[in-house]
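The values are calculated or read from the model by the stated rules, or taken from the named source; none is laboratory data. Since this is a predicted model, take the numbers as computed values, not measurements. Cβ atoms come from the backbone with ideal geometry, glycine included; neighbour counts cover every protein chain shown.
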């Protein structure tokens, strides 16, 4: 249960999008249901794009291992900060943050820290009223299907309605956008904060650059929510996008060559960036993250 809650945080955050009850009878109410269902489907589609463009904990672990990055507790949001988050906005953002921190601690097999950050996530979930959405049975199923993203999506799709129902009934579905934003920002921060600024690891820089696509998907997702707090986050992410937009995309023609009856496909899109581009992204995301955890 401790190992993979971050996956739940990410998927729940992107999926928690406005279902509606099935017992409404008037045509106006049915129209509302249809509109909600359409919006829910659109959010779900964009959520999948975010999820599939973010490295899994396993993929992240491999990147850290190959780059020689060690565990650094100093980059995590201190566990004592959890007591400072009294508003729903702060609780939602930092629910995402602590989920990412939990994933980071797990990558480095920090069992005690995993326990601490699990407790932080649980406390914030309690504050938001969504604790029942990730019970032990659900987390066990997530762990069993850790390496099957399609199965994970189905599991969370089944369970998120519990949390979504609570948020929607209380007029707080916008908190879903803040949960995923907090988790995404923290994940990017943890990767960029571990960079050696004088001699940054090439693979780690590439992983950061690739979040250009994930950020575009995330902005597209949160634009589907109508709330002042979500608008504030969107502005911050758009500022970060300005830094990411300095990374250019080069597309070469796709070619197919054959050798000994084996086909090789070449070409496609590649990202072009400098060390300075990546360090600028790191500085920008740190500013956003500092505002979230303060």
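For region 113-130, the criterion of being assigned to a loop (DSSP other than H, G, I, E, B), more than 17 Å from the chain's Cα centre (by Cα) and either closer than 25 Å to residue 52 by Cα or modelled with pLDDT under 70 (or both) is met by at least one residue. Working only within region 227-253, note down all residues that are exposed (fewer than 10 other Cβ atoms within 10 Å of the Cβ) and at pLDDT below 95. Answer for region 227-253, where residues must be exposed (fewer than 10 other Cβ atoms within 10 Å of the Cβ) and at pLDDT below 95: 250, 251, 253. The set of residues in region 44-87 being modelled with pLDDT of 85 or more, buried (at least 20 other Cβ atoms within 10 Å of the Cβ) and part of a helix (DSSP H, G or I) consists of 82 alone.
Residue selection: residue 35 fails the criterion of being modelled with pLDDT under 70, within 19 Å of residue 214 (Cα to Cα) and part of a helix (DSSP H, G or I).
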